[in-house]
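Take a look at the structure below.
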Amino acid sequence: MAEAESRRRASRQVLLASLWLTLLVLVVKVWIGWATQSLSLLAESLQTLINGFSLLLSTIAIASRYPATREVGGHGKVEASMALLLVALMGFACLSLLVLSVQQLGAIAQDSTLVFVRMNPPLFQLLGVVLATNFCLACFQRYEAGLLENNALRFSAAHLFRDTWLMLPVLGALLGVGHGYLWLDPILAMVLVFLAVYNCSSVVHWQLPSLMKQIAIAPEALAQTIHQVDGITHCYGIQSRGMVGRQVFVEMHLILHPECMSVARTIAERVERVIRDRYGPAKVVIYIDSDRPKSD
């Protein structure tokens, strides 16, 4: 139990540090994109925004200690509202960037001497630092994900690597614009907008099980499954949410026979195993009590 708590604390610290660094990178990208009027860089910033949102939800979830007033899984109405807000913001930003890209292409077709993007060497160097920061952070997250066995960090690292690779064509397009290929910036912006929509849907899809509030599995069915494990005299306070087959979050209290308290960890692992075997991927939080009379 102490080892699990230590891993949870370390995961929270890594997620929080990654979140703050991701927000810093987002601010720098938006600032450079706005200052240079680069639509492709602004569109690529949406990838960073999506990754930051996923990190925020994961940080909130892992920081929760599952109090009685909060559903197991760590997310509640505030986080669900944040997801809706992200979708609304993404819709507005994507539509605006698509309209601006089409307008720029039309203006370039009429007058090829127009220059919309204003880039200089210091800003290129700053974008290079941002690219290196993204790559190092993605490597760090992947390493910590394996060390801490944290799926949220592994998921974030995959998206951060994708964000890093997408910066390469953006830098190429900005160089191309400097050599007279003005159409590269708006064309790439439109491509990145559609990729941002896809990535946003994948993040929401991955976080969806933890945002679900309805009961995933009937407590009676879970109790019947749990009692297949020897050494358990009673189970109570069973809660579950999520989506069966995708990800289920389960919380419960177990009362063990006094003679089985020495192997409580083994029993908890068996309970988690039988739940996963029957209902698929699951995150299980178990509280162990000794055998004692219950008033309920």
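Observations
- For the stretch 222-247, taking the residues that are at pLDDT 80 or above and farther than 19 Å from Val263 by Cα, the one that is surrounded by the most Cβ atoms within 10 Å (Cβ to Cβ) is identified as Leu222.
- Within the stretch 150-165, residues that are closer than 11 Å to Gln47 by Cα have Cβ atoms under 8 Å from residues that are of a type in the set (Val, Ile, Thr) and assigned to a helix (DSSP H, G or I) in these pairs: His159/Ile50; His159/Val203; Leu160/Thr22; Asp163/Thr48, counting only partners at least 6 apart in sequence or on another chain.
- Among residues of the stretch 81-131, those that are surrounded by 12 or more Cβ atoms within 10 Å (Cβ to Cβ) and of a type in the set (D, E, K, R), counted: 1
- Of all residues in the stretch 10-33, exactly one satisfies the criterion of being modelled with pLDDT under 90 and either among the basic types (Lys, Arg) or not in a helix (DSSP H, G or I) (or both), namely Arg12.
- Qualifying residue in the stretch 109-121 (condition: touching a residue at least 12 places away in the same chain (Cβ under 8 Å) and under 27 Å from Phe53 (Cβ atoms)): no
- Restricting the first member to the stretch 263-281 and to residues that are of a type in the set (Lys, Arg), and the second to residues that are open to solvent by less than 30 Å² (accessible area, probe 1.4 Å) and part of a helix (DSSP H, G or I), the beta-carbon pairs closer than 8 Å and six or more apart or on different chains are Arg278/Thr225.
The values are calculated or read from the model by the stated rules, or taken from the named source; none is laboratory data. Quick caveat: nothing in here was measured; it's all calculated off a predicted structure. Glycine gets a Cβ as well: all are built from the backbone with ideal geometry, and neighbour counts include every protein chain shown. The accessibility values were calculated without ligands, DNA or RNA, using every heavy atom of the protein model including side chains. Shrake-Rupley method; radii C 1.70, N 1.55, O 1.52, S 1.80 Å.
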